[in-house]
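The values are calculated or read from the model by the stated rules, or taken from the named source; none is laboratory data. Treat the numbers as computed from the prediction; the structure is a model and nothing was measured. Using ideal geometry, Cβ is built from the backbone for each residue, glycine included, and neighbour counts are taken over all protein chains shown. The protein model used for the area step is the full one, side chains on, heavy atoms only, and it has no ligands, DNA or RNA in it. Shrake-Rupley method; radii C 1.70, N 1.55, O 1.52, S 1.80 Å.
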Amino acid sequence: GTGGGGGGAAGTAVATGGAGAGTAGAGGAASDPLANCTWTLGTGAEIVGPAPTHDNSADLRGPALGDVPFAASTLRRAVPVKVGTTIAGLQVGQAYLTRSSSTSEEVELTIPVTNAGTDYPCFILAKTFHYLSPTGAILNSPMETTYLSGSVGDDLVAGIYSHTCLGPGETGYFINIQDTAGMPYFSGTTAIEVDLSFAPGMAPGGHLTPKQYELGTCAGIRTVRVAAVNDGTSTITVAPHGLGLGPAVLLDADGLPAGWIYLEDDQTAQLAPGETTYFFTEVADVPAVTRAQFFLDFDPPATAAPASAQAR
């Protein structure tokens with residue numbers, strides 16, 4: 001699928017290589033970074049609530065994902081979002097600014113967007129994406145744009161899958177990061193300004209649902225692995241261009257954003273109904289929250305099918 005989300009991630013992704021699931025060295029080559037992984041820090045399999053989207057997400061809870069305590073009073077601010085050009089049916093929530101320490105001005109931004117209409121927009125884009133100061137000055141680059149991280153849809157204009165869509169009743173997120181030294185993004189932002197655009201889409205034939213996450217260490221670095229199952233009725237492609245992405249919005253005990261991360265699956269595979277694949281990322285220096293909304297990317301089956309991901 002064609003990408004979404006903002007620039008950057010809270011953790012560095014770990015390549016899947018050919019590693020199998022389990023203990024160190026299982027099924028992997030000597031150069032495989034996951035050959036030095038052990039998954040002994042806990043497994044989360046509790047589904048907290050309805051999936052944010054219908055074909056590629058889950059709201060899961062379990063052991064703490066990261067290892068950094070999250071204090072909302074000092075590490076998060078909520079500011080309003082000013083929407084200029086709108087999309088019929090889309091409701092844009094308030095923006096949440098989160099940071100890694102009580103002295104940092106660098107921020108990760110999370111804005112929930114819900115489709116309260118009946119259409120299936122894709123390539124949902126904040127073509128204007130401004131951090132505004134109290135005087136209305138733009139703090140970030142005025143040319144910045146950000147795609148929505150949402151459900152997978154079939155774009156009717158370009159004819160491709162994209163995880164920048166929202167079906168009726170679904171919720172996705174604009175996520176973004178700002179880390180320019182010397183700019184008061186956390187303390188000085190009083191509003192976010194956006195103009196929206198989209199292309200018409202429709203629901204795809206496939207599904208890829210996160211079922212559980214587990215935590216371990218890879219070469220001594222705290223890492224999360226998310227198991228995802230094709231619970232649809234058709235074969236799909238995972239990591240169609242050698243890279244599959246999976247944004248995850250981290251949630252605190254109140255269900256409010258505490259930041260976000262990106263996971264990766266970098267082994268292209270055809271996934272038949274019932275088969276499983278895995279997404280990974282490092283989570284050292286990530287908030288120690290026990291809940292996240294995971295979103296994954298997939299494409300329709302390729303003409304020439306590579307080996308199944310179940311064999312990994």
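Here are a few things to note about the model shown:
- Restricting segment 165-181 to residues that are modelled with pLDDT of 95 or more and β-branched (V, I, T), the residue that is nearest to A88 (Cα to Cα): T171
- Strands (runs of 3 or more DSSP E) wholly inside segment 225-279 containing at least 3 residues that are at pLDDT 95 or above: 244-251, 257-265
- When residues of segment 194-209 are limited to those that are within 22 Å of A302 (Cα to Cα) and open to solvent by less than 10 Å² (accessible area, probe 1.4 Å), the one modelled with the lowest pLDDT: G206
- Within segment 210-253, being within 12 Å of S57 (Cα to Cα) and open to solvent by less than 40 Å² (accessible area, probe 1.4 Å) holds for P210, V226, A227, A228, V229, N230, G246, P247, A248, V249.
- Cβ-Cβ under 7 Å pairs, at least 6 apart or on other chains, segment 82-99 side more than 24 Å from A258 (Cβ to Cβ), far side at pLDDT below 95: G84/T128
- Flag for G172 being assigned to a strand (DSSP E or B), without any contact (Cβ under 8 Å) to a residue 60 or more places away in the chain and either surrounded by fewer than 20 Cβ atoms within 10 Å (Cβ to Cβ) or not aromatic (F, W, Y) (or both): no
- P142 being surrounded by fewer than 18 Cβ atoms within 10 Å (Cβ to Cβ) and either closer than 24 Å to S100 by Cα or of a type in the set (A, V, I, L, M, F, W, C) (or both): no
- Unique match (being touching a residue at least 60 places away in the same chain (Cβ under 8 Å), polar (S, T, N, Q) and within 30 Å of A45 (Cα to Cα)) among T146, T189, T223: T223
- Matching residues, segment 182-193, being on the phi < 0 side of the Ramachandran plot, open to solvent by 60 Å² or more (accessible area, probe 1.4 Å) and at pLDDT below 95: none
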